[in-house]
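Written below as structure tokens is the structure these notes are about.
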Amino acid sequence: MITLSGSIERVVYLNPDNHYMIARFRSHEAKNQITVVGYLPGVNIGETLNLTGDWETHDRYGEQFKVRTFELMLPAHVDGIRKYLKSGIIKGIGGKTADRLVDHFQDLTLDILENTPERILEARGIGKKTANRITEAWRERKGIHEFMAFLNEFNLSPFFGAKVLTCYGDQALSMVKQSPYQVCRDIPEIDFPSMDTLAFQMGLAEDAPERITACLEHELKRHIDDGHTFMPKSLLLEKLEKRFGIPGYNAEASMDELVDSGFWVEEPMKDGAKDDGIFPALLHEAETNIARRIRALLTIPLKSPSIDEETMVSELVERVAIVPSQEQMDVLKEIFCHRMAVITGGPGTGKTTLIRSITALLSRMGKTILLAAPTGRAARRISEVTLREAETLHKMLRYNLATGLFDKNQDDPLNADTVIVDEASMVDIVLMEQLISAVSMNSTLILVGDVFQLPSIGPGNVLADLIKSKKIPSFELKTIFRQALESPIVLAAHQLKEGEMPLLEPLSGEAGPGFYFIEKDDPRQAAATVVDLCAKTLPEKFRLDPVRDVQVITPMHKGMVGTLNLNQALQKALNPSGLRIQGMKGARFRVGDKVMHLKNNYQKEVFNGDIGNITNMDNENRILTVTYDQRPVSYAFDELEELAPAYAVSIHKSQGSEYPAVVIPLMTEHYILLQRNLLYTAITRGKKLAVIVGSRKALGIAIGNNKPGQRLSSLAYRLSPS
């Protein structure tokens with residue numbers, strides 16, 4: 001690490017939301033201006049700083065100093081003090097006022113402002129009103145200086161300081177000192193164990209009630225983040241003692257307080273278990289409301305349609321040129337007789353064809369239909385195959401940016417006779433509550449999805465629980481259509497589903513579209529093979545666009561074959577010369593890059609998981625343009641944390657998407673994530689080509705690990721308590 005001393009002379013760029021700064025800095029050592037970049041909360045032009053960091057070379061801007069830590073230094077001599085006060089850092093002190101103060105107090109000026117501000121009136125030409133304004137401004141600035149000194153004392157990063165300062169302003173220091181665990185609640189990016197360590201360093205007792213409560217909340221949140229809707233009480237107490245050294249008898253009182261306050265719900269676990277389950281109140285309410293609403297919906301009589309099998313077939317042939325199979329016909333004869341139903345099946349079993357058939361027949365009956373899916377990609381796909389408008393669930397339910405709530409609910413339900421939701425395995429428990437609340441009691445709800453795919457990223461295992469309850473009519477499509485049988489990907493997927501090792505064909509010179517396996521036991525070799533496949537082999541052999549048509553899907557973010565490393569390697573291979581900028585989280589973007597949007601943005605109409613390409617970069621106005629399906633969307637440079645490189649994406653992020661070709665690295669270092677449904681989900685993202693690069697051992701582990709239903713949820717029981 002290198003240390004530099006000097007002062008900020010010009011701010012080139014500042015993100016006020018996270019204090020990320022690009023500035024010109026004059027070094028005392030070299031007496032020249034350099035460019036510094038990093039998180040510099042509370043820093044202004046004219047301030048003297050001690051910086052620690054490293055030199056790096058930017059493609060466009062050349063050599064610059066990346067700041068890791070910094071310390072604010074107050075000037076000690078008259079000239080420095082005069083320059084400091086004239087810089088405008090202290091509100092209320094202009095050029096003339098600065099001269100008057102420094103002329104009178106000389107090198108004691110800052111000491112006077114700090115310790116005896118009542119003496120400011122001694123300076124010629126400064127009245128009481130001005131003195132009060134100066135005193136208040138100095139007090140505010142002093143708070144920032146003290147906060148920066150606190151960061152240095154406890155070796156906390158500027159990124160931490162920036163987040164806390166943005167959230168709390170001049171109350172930052174008092175919040176960290178008085179309520180360190182509340183800081184974690186308010187700012188999710190802050191690491192809980194680090195804050196727990198800081199609390200110890202500041203003298204908090206190990207058995208302090210606020211610490212026990214915070215640790216309980218942290219452990220339950222970790223469990224919910226893994227997809228569960230509750231945590232067994234005994235497991236929670238066990239984790240608390242193991243991770244934080246808090247014995248169960250100490251935690252019981254804090255747990256009871258959380259339950260009594262209404263933040264948590266404690267409830268006996270189902271299926272005969274003696275343990276209690278601990279739920280966040282929000283998820284307990286969601287499960288309860290879903291079960292109550294579905295039970296009510298199923299009690300509403302539904303008039304059976306007056307359309308026989310022969311008429312159905314003739315209508316489908318005429319309207320959509322479909323001749324349904326007997327299995328599909330059996331579903332069609334039943335589906336219109338239920339208020340709610342589930343359709344599930346693997347690839348090639350005709351789920352999409354069945355949706356087209358259902359919508360065609362409903363139209364013939366004069367019924368109004370709403371089509372939706374959890375993601376924009378899935379909604380666009382179902383719209384293309386049905387030739388009907390489809391929306392994301394959030395858009396259909398009219399998510400309100402101002403309130404953070406959904407406008408469509410049981411008081412203002414969806415206006416449709418039938419609501420059809422595709423890719424329903426991706427719907428978590430919270431979104432399902434919103435959906436079922438917005439479906440009118442006079443409507444029908446049809447959920448379609450592949451129950452064997454990965455469950456939702458959010459908590460719950462909704463589609464599987466609905467089927468498991470046996471209260472909702474469920475139809476499983478098992479027959480693979482002859483055309484689909486010709487697809488090696490479909491065959492491999494169904495073999496995986498049954499726990500069988502698929503036929504592992506090498507990618508030879510004569511190979512056509514299909515499913516292939518390239519054996520590589522070493523992660524470095526596997527990563528190099530993935531890059532070569534994307535950059536050369538697949539584009540040349542199958543005439544694919546390496547950026548648009550080939551997608552790398554991997555189980556993990558870290559490691560040689562994780563998204564982070566592969567994105568860097570693939571960018572270097574596929575887009576080495578594009579104009580490059582520095583993103584807020586260190587991700588380097590270039591014009592021409594494939595990128596993924598990371599969270600729903602309703603103002604831009606771009607949604608979590610949408611993939612586009614960077615098509616323009618305006619350095620002067622600091623605007624980046626990403627084109628999604630021929631639609632350009634602008635991002636200010638301080639919005640780049642909404643984007644991530646997408647040459648390689650996680651398997652979870654690929655849900656709801658299809659690509660012409662997928663490349664799937666699979667190594668034993670992925671051990672914790674080697675599951676059958678994870679591999680099944682990855683393979684079925686490929687429409688024409690799927691290539692696994694990895695070890696046979698890892699493949700065998702994934703096929704043998706069939707635990708798709710291990711999420712803890714009580715929705716199925718709530719639907720069928722008897």
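Kindly identify the stretch 75-145 as rounded, prolate or oblate by the Cα gyration tensor criterion: order the square roots of the eigenvalues as a ≥ b ≥ c, call it rounded if a/c is under 1.5, otherwise compare a/b with b/c, prolate if a/b is larger, else oblate.
Rounded shape, in that the Cα axes give a/c under 1.5.
Describe numerically, in nm with one decimal, the distance between label points set 7 Å from Cα along Cα→Cβ at Thr116 and at Glu153.
With each label placed 7 Å out from Cα toward Cβ, I get 2.6 nm.
Could you list the trypsin sites (Lys or Arg not before Pro) in the stretch 208-299 that lie in coil according to DSSP, counting only those with at most 16 other Cβ atoms within 10 Å of their Cβ?
Answer in residue order: Lys270, Lys274.
Sum -39500 (n - 2.57) across every DSSP H segment of at least 4 residues in the chain, then divide by the residue count to get the 222 nm mean residue ellipticity, nearest 500.
Using -39500 (n - 2.57) per qualifying helix, the result is -11500 deg cm²/dmol.
What's the angle, to the nearest 10 degrees (0 to 90), between helix 158-168's Cα axis and the longest principal axis of the chain?
On a 0 to 90 degree scale, this one is about 90.
State the extension gain, in nm to one decimal, for the chain segment bounded by Ser720 and Thr311, taking 0.36 nm per residue of separation less the distance between their alpha-carbons.
The Ser720-Thr311 span can extend by a further 143.6 nm.
When DSSP beta bridges are limited to those with both residues in the chain, what percentage is antiparallel, rounded to the nearest 5?
Bridges in the chain that DSSP calls antiparallel: roughly 60 percent.
Could you tell me whether the stretch 541-616 comes out rounded, prolate or oblate from its Cα gyration tensor? Rule is a ≥ b ≥ c as square roots of the eigenvalues, rounded for a/c under 1.5, then prolate if a/b exceeds b/c, otherwise oblate.
rounded
Kindly sort Val427, Val531 by accessible area of their heavy atoms, largest first, with the probe set to 1.4 Å.
Val531, Val427
Taking a probe of 1.4 Å, how large is the accessible area per residue of the stretch 533-577, in Å²?
50
Order Asp417, Asp521, Asp191, Asp422 by their accessible area, 1.4 angstrom probe, all chains in place, largest first.
Largest accessible area first, the residues go Asp521, Asp191, Asp417, Asp422.
Quick one: check the C-alpha center-to-center distance for the stretch 509-536 versus the stretch 183-232, whole angstrom.
43
Roughly what would the spin-label model give for Glu540 and Glu140, points 7 Å off Cα along C-beta, in nm?
6.4
Kindly flag which residue pairs out of Lys572/Lys594; Lys558/Lys653; Lys142/Lys177; Lys520/Lys558; Lys470/Lys653; Lys86/Lys163 have an alpha-carbon separation exceeding 20 Å in this structure.
Lys470/Lys653; Lys86/Lys163
How much accessible area per residue does the stretch 264-306 have, counting only protein heavy atoms and a probe of 1.4 Å, in square angstrom?
With all protein chains present, the stretch 264-306 gives 55 Å² per residue.
Given charges of +1 on the Cβ of Lys and Arg and -1 on the Cβ of Asp and Glu, with all other atoms neutral, how large is the dipole of the stretch 574-722 about its Cα centre, in debye to the nearest 20?
Charge dipole, the stretch 574-722, about its Cα centre: 760 debye, nearest 20.
Probe 1.4 Å, all protein chains in place: accessible area of Arg185 in Å², nearest 10?
100
Could you sort Ser254, Ser713, Ser304 by accessible area so the largest value comes first, with the probe set to 1.4 Å?
Result, largest first: Ser304, Ser713, Ser254.
Working from Cα positions, state the angle (0 to 90°, nearest 10) between the long axis of helix 376-386 and the longest principal axis of the chain.
Approximately 30 degrees, to the nearest 10.
Taking 8 Å as the Cα distance limit and 6 or more residues as the minimum spacing, I'd like the relative contact order of the chain as a percentage.
10
At a Förster radius of 35 Å, what calculated FRET efficiency corresponds to the Cβ-Cβ distance of Ala76 and Lys96, to the nearest 0.05?
After rounding, the FRET efficiency stands at 0.90.
Expressed as a whole percentage, what fraction of the accessible surface of the chain belongs to carbon and sulfur atoms when a 1.4 Å probe is rolled over the protein heavy atoms?
Roughly 49 percent of what the probe reaches on the chain is carbon or sulfur.
With a cut-off of 8 Å between alpha carbons and a minimum separation of six or more residues, what is the relative contact order of the stretch 399-495 in percent?
Contact order relative to length: 25 percent.
For the chain, find the longest principal axis of its Cα atoms and tell me its angle to the long axis of helix 233-244, 0 to 90°, nearest 10.
Between helix and principal axis, roughly 30 degrees.
Taking the Cα centroid of the stretch 378-426 and of the stretch 653-681, what is the distance between the two, rounded to the nearest whole Å?
Each part reduced to its Cα centre gives a spacing of 28 Å.
Quick one: putting +1 on the C-beta of Lys and Arg, -1 on the C-beta of Asp and Glu, what dipole do you get for the stretch 283-397 around its Cα centre, in Debye to the nearest 20?
460
Among Ile322, Phe70, Gln453, whose Cα sits farthest toward the positive end of the charge dipole of the chain (+1 at Cβ of Lys/Arg, -1 at Cβ of Asp/Glu, about the Cα centre)?
With unit charges placed on the Cβ atoms, the residue in question is Ile322.
What whole number of Å gives the distance from the Cα centroid of the stretch 89-128 to the Cα centroid of the stretch 233-295?
59
Rg (Å, one decimal) plus Dmax (Å, integer) for the alpha carbons of the stretch 64-200?
In Å, with Rg to one decimal and Dmax whole: 17.7, 53.
For Arg364 and Thr479, compute 0.36 nm times the residue count separating them, minus their Cα-Cα distance, and round to one decimal in nm.
38.7 nm
The values are calculated or read from the model by the stated rules, or taken from the named source; none is laboratory data. The structure presented is a predicted model; accordingly, all values stated were derived computationally and were not measured. Positions of Cβ are generated from backbone atoms using ideal geometry, with glycine treated the same way; all protein chains shown enter the neighbour counts. When the accessible area is computed, the model is the full protein with side chains, heavy atoms only, and any ligands, DNA or RNA have been set aside. Shrake-Rupley method; radii C 1.70, N 1.55, O 1.52, S 1.80 Å.
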